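For reference, the structure is listed below as structure tokens.
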Amino acid sequence: MRGTARPSPGPSRMLRMLLVPACFAAALACSRAPTEKAEGPFLDDGYSLSSDADADTYTGPASLTVAFTAHAIHGVGRTTYHWSFDDHGTSEEQNPVHTFARQGWYRVVMNAKDGAGGTDQTTLLLHVWRPRDWARLQRHRDMRIVMRSLRELKRKNGDTSPTPIARN
């Protein structure tokens with residue numbers, strides 16, 4: 001029908017619309033892993049370059065500014081870094097800061113290369129929300145319960161890294 005407003009989704013549907021992407025983002029952010037090396041399936045053989053990348057937050061409202069960090073071990077000589085931010089942005093810094101202006105999913109890829117030509121790659125997945133959806137998510141009581149449960153689980157497992165969903 002023309003000219004009639006669509007009814008707003010009920011609270012249960014709105015909760016699913018907000019929580020499912022947030023929980024999915026948390027699961028994917030925690031599953032980041034370097035690519036397999038040609039020498040074998042080991043992440044750190046003690047002799048070749050191994051690297052890791054992290055972000056200070058994995059989700060938030062647009063315009064989301066994220067500070068990234070990278071670390072490399074067992075590199076020969078100087079290690080260089082190349083970041084691709086999935087919005088056509090790149091950086092050659094070891095620890096860049098990047099702003100994602102628009103909502104959506106972003107795959108951030110960090111490539112490390114040492115002086116002997118050894119390479120390693122880490123991929124991170126971030127989600128940027130529309131500001132009004134982010135505000136609704138932060139106000140929702142069930143989301144606060146999810147965040148508290150995630151922090152408690154990490155504490156029990158001895159994980160001291162920041163919770164990848166959001167900063168409260």
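Yes/no per residue for (1) modelled with pLDDT under 90; (2) within 28 Å of residue 128 (Cα to Cα):
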residue: 3; (1), (2): yes, no
residue: 12; (1), (2): yes, yes
residue: 23; (1), (2): yes, yes
residue: 42; (1), (2): yes, no
residue: 49; (1), (2): no, no
residue: 113; (1), (2): no, no
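Among the residues of the range 68-127, just one is in a strand (DSSP E or B), more than 20 Å from residue 56 (Cβ to Cβ) and aliphatic (A, V, I, L, M), namely 73. Scanning the range 44-65 for residues being touching a residue at least 60 places away in the same chain (Cβ under 8 Å), over 14 Å from residue 121 (Cβ atoms) and not polar (S, T, N, Q) gives a total of 8.
Residues are listed down the side, and each one gets a yes or a no for (1) free of Cβ contacts under 8 Å to residues at least 24 places away in the same chain; (2) crowded, with 20+ Cβ neighbours inside 10 Å:
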| site | (1), (2) |
| --- | --- |
| 67 | no, no |
| 84 | no, no |
| 100 | no, yes |
| 125 | no, yes |
| 129 | no, yes |
| 132 | yes, no |
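Among the conditions (1) in contact with a helix residue (DSSP H, G or I) (Cβ under 9 Å, 6 or more places away or on another chain); (2) surrounded by 19 or more Cβ atoms within 10 Å (Cβ to Cβ), the only one that residue 61 does not satisfy is (2).
The values are calculated or read from the model by the stated rules, or taken from the named source; none is laboratory data. This structure is a prediction, so every number in the text was calculated from the model and none was measured. So basically every Cβ, Gly included, is an ideal-geometry build from the backbone, and we count neighbours across all protein chains shown.
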